[in-house]
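The structure under discussion appears below in the form of structure tokens.
The values are calculated or read from the model by the stated rules, or taken from the named source; none is laboratory data. Small disclaimer: the values here were computed from a predicted structure and weren't measured. In this analysis, Cβ positions are derived from the backbone assuming ideal geometry, glycine residues included, and neighbour counts consider all displayed protein chains. In case anyone asks, the SASA skips ligands and DNA or RNA and just uses the protein heavy atoms, side chains included. Shrake-Rupley method; radii C 1.70, N 1.55, O 1.52, S 1.80 Å.
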Amino acid sequence: MTAPQQAVTVLGLGQMGAALAAALLDRGHPTTVWNRTPDKAAPLVERGARAAATPQEAIAASPLVIACVLDQYALHTVVDPVADALRGRTLVNLTSGSPEQAREAVAWAGSLGAGYLDGAIMTTPPGVGDPAMMFLYSGSQEVFDTHRPTLAALGDPLYLGTDPGLASLYDAALLGLMWSTMTGWLHGTALVGAEGTPAAAYTPVAIRWLTAVAGFLTRYASQVDAGRYPGDDATVDVQIAAIGHLIHAAQDRGIDNALPELLRTLMEKAGAAGHGQDSYAALIEVLRPAPGGPAA
Ligand code: NAP
């Protein structure tokens, strides 16, 4: 006999909340759902969910409540009027927010007598339920350990540490990485496209290149941590010369060069700061605040 799956409530049935509830239903969790616009519960009810009429009824239905609404303001709009219902339960907040909001939420949940875990979803709705997709969590290790088997229904649960702000901080950092990468890919796609190469032909080559780039990141991470950037593979000066070729080629083809121009500015700043013969990792020195600077 296998133990029955834990009952879960999902607050918020937008694109992401609906995907979370569906993944829980797929794994056999008794799932109660609530959404401000009630119609959105219908497809989930067809799949076996129970629709609650109010947030209070939804929270009362399960020891574990997963919230995924637009933002923290929306979350408080939903939960504050019925906050007492959370006493003795656990709220896992998968609503995007800032590290500061996560830290405030821990204190808020603690004052209500509720357990709290902050999370960030590193996929889009079609990826929910895929064990290859990361779900980041931070805050109480005890809450995470208790609910890990249930959270695994959503994706691979990755616990970052007891500071509740970590999941939001990583989320922001990883989204920045995604936007830079996707925009760099689109800029390159426009460049080769100007000579007739379709995106579908360029992209497999770009993806192979990303594998090499991942290797550079691993190599440079230890340089960043050591604060020493030996330019024994490629120097900043060499990269400045190389990005000039990209900017020139793109300019000749009428392509917007804002991204590579920004990158060249950062490289030149690093060069001017004495890092011309260092590796690309030395750009960290111009990106982060100087010791004693504003955020130190
Ligand atoms: P969405 O489809 O726009 O859904 C927004 C949800 O928030 C709906 O359930 C909406 O209710 C609810 N909501 C908005 N304002 C509200 C209010 N004042 N009071 C009560 N409920 C309110 O957005 P989503 O894509 O599901 O995103 C939800 C969260 O997941 C966001 O924090 C987002 O950053 C995060 N996320 C999304 C993705 C993604 O790929 N979509 C990926 C990672 C993280 P109604 O249905 O009544 O409007």
Centroid-to-centroid separation of the range 192-215 and the range 235-296 [C-alpha atoms, Å]: 22 Å
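Rounded to a whole number, what % of the accessible area of the range 1-133 do carbon and sulfur atoms account for, probe 1.4 Å? Working shown, then result.
Working: 3500 of 6310 Å².
C and S atoms contribute 55 percent here.
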Which ³J(HN,Hα) values, rounded to whole Hz and listed in residue order, are derived for the range 167-172 from phi using the Karplus coefficients 6.51, -1.76 and 1.60 in 6.51 cos²θ - 1.76 cosθ + 1.60 with θ = phi - 60°, glycine and proline given as x? 4, 5, 5, 4, 4, 4
In the range 194-287 the accessible area split gives carbon plus sulfur, as whole percent at 1.4 Å, a share of 60 percent
In a Gaussian network model over the chain where Cα atoms closer than 10 Å are linked, find which of Ala282, Ala226, Ala61 has the largest mean-square fluctuation. Ala226
Work out the length of the dipole vector of the range 194-287 about its Cα centre, built from +1 on the beta-carbon of each Lys and Arg and -1 on the beta-carbon of each Asp and Glu, and round it to the nearest 20 debye. 180 debye
With θ set to phi - 60° and the Karplus curve 6.51 cos²θ - 1.76 cosθ + 1.60, what are the ³J(HN,Hα) couplings of the range 89-100 in order, to the nearest whole Hz, using x for Gly and Pro? 10, 10, 10, 9, 9, 9, 6, 5, x, 9, x, 5
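Looking at the range 1-118, what % of the alpha carbon pairs are farther apart than 20 Å?
Values: 2447 of 6903 pairs.
When every Cα pair of the range 1-118 is considered, 35 percent fall beyond 20 Å.
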Report the far tail of the P(r) of the chain, meaning the percent of Cα-Cα pairs longer than 34 Å. 39 percent
Convex hull of Cα atoms in the range 172-214, direction-averaged projection (nm²): 3.0 nm²
Counting DSSP beta bridges in the chain, what percent are antiparallel, to the nearest 5? 25 percent
Name the residue farthest towards the positive end of the dipole of the range 194-287 from the options Gly254, Val205, Ser279, assuming +1 on Cβ of Lys and Arg, -1 on Cβ of Asp and Glu, about the Cα centre. Val205
Please list the radius of gyration and Dmax for the range 194-287, considering alpha-carbon atoms only, with Å as the unit. 15.0, 44
Within a Gaussian network of the chain (alpha carbon springs, distance under 10 Å), most fluctuating of Pro63, Pro198, Pro38: Pro198
Taking the chain as a Gaussian network, where each spring joins two C-alpha atoms under 10 Å apart, which residue of Leu94, Leu136, Leu175 fluctuates the most? Leu175
Share of antiparallel DSSP beta bridges in the range 4-118, in percent to the nearest 5? 0 percent
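Within 10 Å, count the other beta carbons around each residue, average over each peptide in 181-188, 7-14, and list them highest first. Don't jump to the answer; show the numbers that get you there.
Details: 181-188: 15.0, 7-14: 25.4.
Packing proxy ranking, top to bottom: 7-14, 181-188.
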